[in-house]
Amino acid sequence: MTTPFLHTYARYPLELVQGEGRRVQDVEGRWYLDAICGIAVNALGHRHPRVQAAIHAQVDRLLHVSNLYHVDVQRRFAQTLTRMYGGGAVFLCNSGTEANESSVKLVRKYHWRRGDPRAEIIVLKDAFHGRTFMALSMTPRARYQEGFGPLAEGIRVAAHEDAAGMVSEKTAAVFVEPIQGEGGCRPVTVLPELREACDAHGALLVYDEIQCGLGRSGELLHEPRPDITSLAKALGGGLPLGATLASPKVAEAFQPGDHGSTFGGNPVACAAGLATLEIILEENLATRCATLGARLRMGLEAAGADVSGQGLMLGARTGMAPTPIIHRMRDRGVLVCPAGGDAVRFLPAFNSTEEEIDDMIAAFAGAWEDARSAPGSSAE
Ligand code: PLP
């Protein structure tokens, strides 16, 4: 089939036309339970009425004016976000990779303003921070980096258990996903050690909460507190929105002209983000993610999978390649995707029902059984 797109995506053979709640419909009219949510974006499912209403109201008022001016909905969104963060200030952009770019620039400017310029950024093995050049340089896997060199300088890659020991007076920051997403839904267990090492050497600790943040893991944001947090995905309620949240200590490092984005903090995206954030906070959906996540984990484990992750961010390993299971789950009406190459990844909506979680488990168990017994199966 000829395609108008550059070949960056290996898409599933499925054309989707609409969404409603936790379900999406294909072009032939079949409905699927969406257990991947646009890769952790649709935290409240599809077309949440309050998010829809906020978007419609904003579309009828103002689409875009740039950051040359003040816009009420953008300010209210930023205030809600920084209140949730416990203070500090935010820079708004359009995606996860941009949020991380902004976070790196803030890190470097912070040290530079203190008269102690530092370049070194430590990242963890199996990290994924995005696809632009700096974010790609901080994503230490050949699969993503191959053929794009030269990459950015100053990045050091650490095994999780070695990272704290590598922090020195030269280190500008340690970047870490509290739960690695593309790296296989793996929680990083050395956050306290990293906090301590950064404090001891004047380095900054940055959390990339783009996939795991805002409640998905069962926690709104992770502890111990970092100096900077990158957010995106769920933040925009389905519209493109990213954020670099800075604690008061680093917030002054950016001055007018230091950074910017034409579309960053677009009013319609902010209206969707504000409604989404209010619902997550009002309905205490982080706790709901923890409860539903425990149910999902138990079901996947009962089916025999080796499960990693936290809350509603889980990877199920079966000892066989995930793709045949993913295809068979789709045939059974449930959409998932891989994580870290060898796991089936579940990223359901925060407001899923218990029955929907059980349907995901049943589809997984059935699809795994089918895949295992298929001729030529790679099952061990
Ligand atoms: N950081 C993490 C942890 C991610 O999971 C992703 C995307 O999957 C990104 C950064 C990049 O975000 P985006 O695709 O919005 O640029």
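The values are calculated or read from the model by the stated rules, or taken from the named source; none is laboratory data. Since the structure is predicted, the reported quantities are computational estimates derived from the model, not experimental observations. Note that each Cβ is placed from the backbone with ideal geometry, even for glycine, and that neighbours are counted across all protein chains shown. For accessibility, only protein heavy atoms count, side chains too; no ligands or nucleic acids. Shrake-Rupley method; radii C 1.70, N 1.55, O 1.52, S 1.80 Å.
Points worth noting:
- The phi-based Karplus calculation (6.51 cos²θ - 1.76 cosθ + 1.60; θ = phi - 60°) puts the 3J(HN,Hα) values of region 213-218 at x, 6, x, 3, 7, x Hz, whole numbers, x for Gly and Pro.
- Considering only alpha-carbon pairs that sit under 8 angstrom and 6 or more positions apart, the relative contact order computed for the chain is 22 percent.
- Region 324-380-region 164-206 distance, computed between alpha-carbon centres (Å): 32 Å
- Additional length obtainable on full extension of the chain from Thr3 to Leu151, 0.36 nm per residue less Cα span: 50.3 nm
- Of the residues Asp258, Asp358, Asp34, Asp306, the one with the largest accessible area comes first in the ranking Asp306, Asp358, Asp258, Asp34, computed with a 1.4 Å probe on protein heavy atoms.
- Per residue, the accessible area of region 51-149 comes to 52 Å², computed with a 1.4 Å probe over protein heavy atoms only.
- Spatially proximal lysines relative to Lys109 (Cα-Cα < 21 Å; intrachain offsets below 8 disregarded): Lys170, Lys249
- Chain lengthening between Ala53 and Tyr69 when straightened (0.36 nm per residue, less Cα-Cα): 3.3 nm
- Annotation for Leu62 and Thr189: the two label points, set 7 Å from Cα along the Cα-Cβ direction, are 5.0 nm apart.
- Hz values of 3J(HN,Hα) by residue in region 204-210 - Karplus curve (6.51, -1.76, 1.60), Gly and Pro given as x: 9, 10, 10, 9, 8, 9, 4
- Rounded tilt (10° steps) of 267-282 against the dominant C-alpha axis of the chain: 70 degrees
- Between 0 and 90 degrees, the angle of helix 285-302 with respect to the longest Cα principal axis of the chain falls at about 40 degrees.
- A 1.4 Å probe run over the protein chains yields, for region 224-380, 36 Å² of accessible area per residue, whole-number rounding.
- Dividing the helix sum by the residues of the chain, where each DSSP H run of 4 or more adds -39500 (n - 2.57), gives a mean residue ellipticity at 222 nm of -11000 deg cm²/dmol.
- Arg76-Glu161 FRET efficiency (beta carbon distance; Förster radius 35 Å; 0.05 resolution): 0.25
- Per residue, region 173-217 exposes an accessible area of 23 Å² to a 1.4 Å probe, with every protein chain left in place.
- For trypsin sites (Lys or Arg not before Pro), the sites in region 52-135 that DSSP calls loop and that have at most 15 other Cβ atoms within 10 Å are Arg61, Arg114, Lys125, Arg131.
- Relative contact order [Cα under 8 Å, 6+ residues apart], region 324-376, whole percent: 44 percent
- Using alpha-carbon coordinates, inclination of helix 322-331 to the longest axis of the chain, degrees: 60 degrees
- Only Cα pairs under 8 Å and 6+ residues apart enter the sum, and on that basis the relative contact order of region 247-363 stands at 22 percent.
- Percent accessible area from carbon and sulfur atoms, the chain, protein chains only, probe 1.4 Å: 53 percent
- Inter-site label distance for Lys125 and Arg30 at 7 Å from Cα along Cβ, in nm: 4.1 nm
- Taking amide H atoms as placed 1.01 Å from N in the peptide plane, the amide H of His222 has no partner under 5 Å among residues 5 or more positions away or on other chains.
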